[in-house]
1. Can you report the number of residues in segment 4-21 which are within 26 Å of Arg73 (Cβ to Cβ) and more than 19 Å from the chain's Cα centre (by Cα)?
2. Conditions: (1) at pLDDT below 85; (2) surrounded by 10 or more Cβ atoms within 10 Å (Cβ to Cβ). Leu137 meets all but one. Number of the miss?
3. In segment 115-127, is there at least one residue being β-branched (Val, Ile, Thr), surrounded by 14 or more Cβ atoms within 10 Å (Cβ to Cβ), within 24 Å of Pro28 (Cβ to Cβ) and not assigned by TED's automatic domain parsing to the domain that holds Tyr19?
Amino acid sequence: MEITEVVKQSGVPASTLRYYEEKGLIKPVGRKGLKRVFSNDVLQRLALIALGRATGFSLNEIAQMFGVDGQPRIQSEELLAKADELDKQIKRLTAMRNGLRHAAYCPAPSHMECPKFQRIVRVAGAGRMQPLRSEKLK
């Protein structure tokens, strides 16, 4: 399958495919003229990469999840650790959402006079609110 067909079927831009190739995440099986040619299983591999990215794994972590033969070798411990990390993020985000909703409807004269909003600001100021992994650079 030529790279243009992979782009069309996967929705992944050619530049990203080339970057994934550079990182060792995908490999073309050859070339047709100047175009890269991939096997049909590249679409499943791209879907696994997308799932990994959506759940917060880095590209390096995802690359390590593929064996030398290119087949997924995902350790249960890695999945459980990521699930625990997601639970922590969900808890933190839920608390922030609830605090913001409260502040939006708080009867205090201003947000800065709302005790709950002040707590959120103090937590953020103390550096305890980390950005989501997806907000960080690659």
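1. 2
2. (2)
3. no
The values are calculated or read from the model by the stated rules, or taken from the named source; none is laboratory data. Given the structure is predicted, the values throughout are model-derived calculations rather than measurements. Backbone-built Cβ (ideal geometry, glycine too); neighbour counts: all protein chains shown.
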